[in-house]
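*Asks:* Can you keep this structure in mind? I'll have questions shortly.
The values are calculated or read from the model by the stated rules, or taken from the named source; none is laboratory data. The structure displayed is predicted, hence computed values, not measured ones. Methodologically, a virtual Cβ is constructed for each residue, glycine included, from the backbone with ideal geometry; neighbour enumeration extends over all protein chains shown.
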Amino acid sequence: MLFNCCFRFSAVSPPSRRARGSGALLAKAVLFSTLLVSSQPCPAPAELISRNAPADYTAADRTAILAGIKEIDGPGAPGGVTSFGPAAFAVISGKDGDALSPVVAATRFEKGRVAAFGHNGYLDAFDHEETGALLINAARWSATAPDGKAKQKLRAAVLNQPKLAAWLDSRGFNTEPLSGNAWTRQIAGADVLFCDAHDLRSGREGGLDDIARFVKSGGGLVIAATGWGWESTSKGKSLTTDFPANQLLAPMGLVFNNTTPEKTSDAGFLAATGPGTPFTDASHALDKFLQKSNKPDPAQQLQITATLGLAIRSVPPTDTLFRGRL
């Protein structure tokens with residue numbers, strides 16, 4: 001597959017941090033000019049909680065996904081994932097200067113759940129023990145029933161990833177490899193779908209509507225993409241609005257962005273990323289920014305500025321989950 005090859009082996013180079021600097025500064029300027037003049041009161045706590053999850057869901061969800069995980073691999077040059085919905089949260093983050101930026105994020109959406117990885121190489125990085133464990137944790141968490149009950153023998157549909165399908169089968173999953181043009185008809189009976197987002201297409205036959213219905217009805221989705229890579233090979237198109245995976249995920253509160261967060265360990269990324277972690281999610285960062293008391297300390301302010309600036313750059317202009325609050 002084109003994207004598996006060129007992104008995994010770095011035939012396409014990620015954008016330099018200097019090249020993105022002017023955009024980051026502009027986003028920060030827009031952020032403060034937008035928010036500081038806002039006369040809207042801080043939303044009540046009830047307005048900040050997903051209608052599908054209890055108030056403390058994100059901490060418990062993140063703990064479940066990271067159970068037993070200290071460090072994961074960093075295949076190629078992983079890209080970033082923006083988490084901005086009220087039910088979305090960063091799972092593992094890389095460095096963005098002195099701040100943090102997610103490379104793995106997740107969210108609840110209606111009856112289902114989604115885990116997003118910032119490089120499609122993660123779908124065959126299971127030989128790295130803890131990366132493989134994270135894939136399994138993400139699958140089990142995403143396939144958890146709406147009533148919170150975990151299923152023991154998961155049915156996993158795996159799109160165009162035969163090695164991953166075989167590996168999951170060896171780990172006790174009931175696996176169904178998917179390929180061809182009729183794969184969308186085969187996901188209805190699955191508990192979780194593994195998908196390289198570069199295989200998706202816009203339009204009626206592209207699979208987006210089918211996956212959205214699958215997640216809404218309680219299915220789990222583990223999806224991976226290299227945002228900067230798609231953007232670099234899709235001249236004239238917008239990663240924010242034209243990338244099919246972002247068309248799918250944006251209503252759920254996640255998008256792939258064009259950043260390349262720096263690794264936090266020799267192998268890749270550490271699971272423990274410090275006190276700034278809660279504010280790597282744009283929704284929580286905005287909550288803190290809008291508080292009239294208990295203002296952020298300097299370290300928190302730096303993280304909040306970075307998180308909100310990234311969200312302003314990468315969240316679609318039609319979004320209402322995040323932009324509707326600005």
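*Asks:* Of the residues that make up region 59-69, is at least one assigned to a strand (DSSP E or B) and modelled with pLDDT of 95 or more?
*Replies:* Step one: filter region 59-69 for residues assigned to a strand (DSSP E or B), giving none.
No, because not a single residue in region 59-69 is assigned to a strand (DSSP E or B) and modelled with pLDDT of 95 or more.
*Asks:* Considering only region 156-174, state which residues are without any contact (Cβ under 8 Å) to a residue 24 or more places away in the chain and part of a loop (DSSP other than H, G, I, E, B).
*Replies:* Gly172
*Asks:* Could you list, in sequence order, all residues of region 238-290 that are assigned to a loop (DSSP other than H, G, I, E, B), buried (at least 21 other Cβ atoms within 10 Å of the Cβ) and among the β-branched types (Val, Ile, Thr)?
*Replies:* Thr259, Thr260, Thr264 - these are the residues of region 238-290 that are assigned to a loop (DSSP other than H, G, I, E, B), buried (at least 21 other Cβ atoms within 10 Å of the Cβ) and among the β-branched types (Val, Ile, Thr).
*Asks:* Scan (1) of a type in the set (D, E, K, R); (2) at pLDDT 95 or above; (3) farther than 21 Å from Val222 by Cα for the single condition Asp242 breaks and write down its number.
*Replies:* Exception for Asp242: condition (3).
*Asks:* Give just the number: which of (1) in contact with a strand residue (DSSP E or B) (Cβ under 8 Å, 6 or more places away or on another chain); (2) modelled with pLDDT under 95 does Lys295 not satisfy?
*Replies:* The number of the failed condition is (1).
*Asks:* Determine which member of the set Gly94, Gly112, Gly85 is closer than 16 Å to Pro261 by Cβ, out of contact with any His (no Cβ under 7 Å at 6 or more places or on another chain) and touching a residue at least 60 places away in the same chain (Cβ under 8 Å). Step through it out loud before you land on a result.
*Replies:* Numbers: Gly112 fails: closer than 16 Å to Pro261 by Cβ; Gly85 fails: closer than 16 Å to Pro261 by Cβ.
Every option except Gly94 fails the conditions.
*Asks:* Scan region 198-210 and report the pairs whose first residue is under 15 Å from Ala116 (Cβ atoms) and assigned to a strand (DSSP E or B) and whose second residue is at pLDDT 85 or above and among the polar types (S, T, N, Q), with Cβ atoms within less than 8 Å and a gap of 6+ or a chain change.
*Replies:* Note: no pairs meet the criteria.
*Asks:* How many residues are among the basic types (Lys, Arg), part of a helix (DSSP H, G or I) and without any contact (Cβ under 8 Å) to a residue 40 or more places away in the chain if we restrict to region 291-326? Steps first, answer last, please.
*Replies:* Just the residues of region 291-326 that are among the basic types (Lys, Arg), to begin with: 292, 295, 313, 323, 325.
Next, from what is left, pick out any that are part of a helix (DSSP H, G or I): 313, 323, 325.
Going one step further and asking which of them are without any contact (Cβ under 8 Å) to a residue 40 or more places away in the chain, we end up with 323.
Of the residues in region 291-326, 1 are among the basic types (Lys, Arg), part of a helix (DSSP H, G or I) and without any contact (Cβ under 8 Å) to a residue 40 or more places away in the chain.
*Asks:* A further question on this structure: Report the residue count in region 285-321 for those that are touching a helix residue (DSSP H, G or I) at 6+ places or on another chain (Cβ under 6 Å), farther than 16 Å from Pro102 by Cβ and hydrophobic (A, V, I, L, M, F, W, C).
*Replies:* Going through region 285-321 one residue at a time, the tally reaches 1.
*Asks:* Ok, one more. Please go through (1) crowded, with 23+ Cβ neighbours inside 10 Å; (2) part of a strand (DSSP E or B) for Pro177 and return the number of the only condition it doesn't satisfy.
*Replies:* So the condition that Pro177 fails would be (1).
*Asks:* How many residues are touching a Gly at 6+ places or on another chain (Cβ under 6 Å) and not β-branched (Val, Ile, Thr) when one looks only at region 245-259? Steps first, please.
*Replies:* Let us first name the residues in region 245-259 that are touching a Gly at 6+ places or on another chain (Cβ under 6 Å), namely 253, 256-259.
Those left that are additionally not β-branched (Val, Ile, Thr): 253, 256-258.
The total comes to 4.
*Asks:* May I pose another question? Are any residues in region 247-302 closer than 18 Å to Ala225 by Cβ, among the hydrophobic types (A, V, I, L, M, F, W, C) and in contact with a Lys or Arg (Cβ under 8 Å, 6 or more places away or on another chain), and if so, which ones? Don't jump to the end; show me each part of the working.
*Replies:* Just the residues of region 247-302 that are closer than 18 Å to Ala225 by Cβ, to begin with: 247-261, 268-269.
Filter once more, so that each one left must be among the hydrophobic types (A, V, I, L, M, F, W, C): 248-250, 252, 254-256, 269.
Phe269 - this is the single residue of region 247-302 that is closer than 18 Å to Ala225 by Cβ, among the hydrophobic types (A, V, I, L, M, F, W, C) and in contact with a Lys or Arg (Cβ under 8 Å, 6 or more places away or on another chain).
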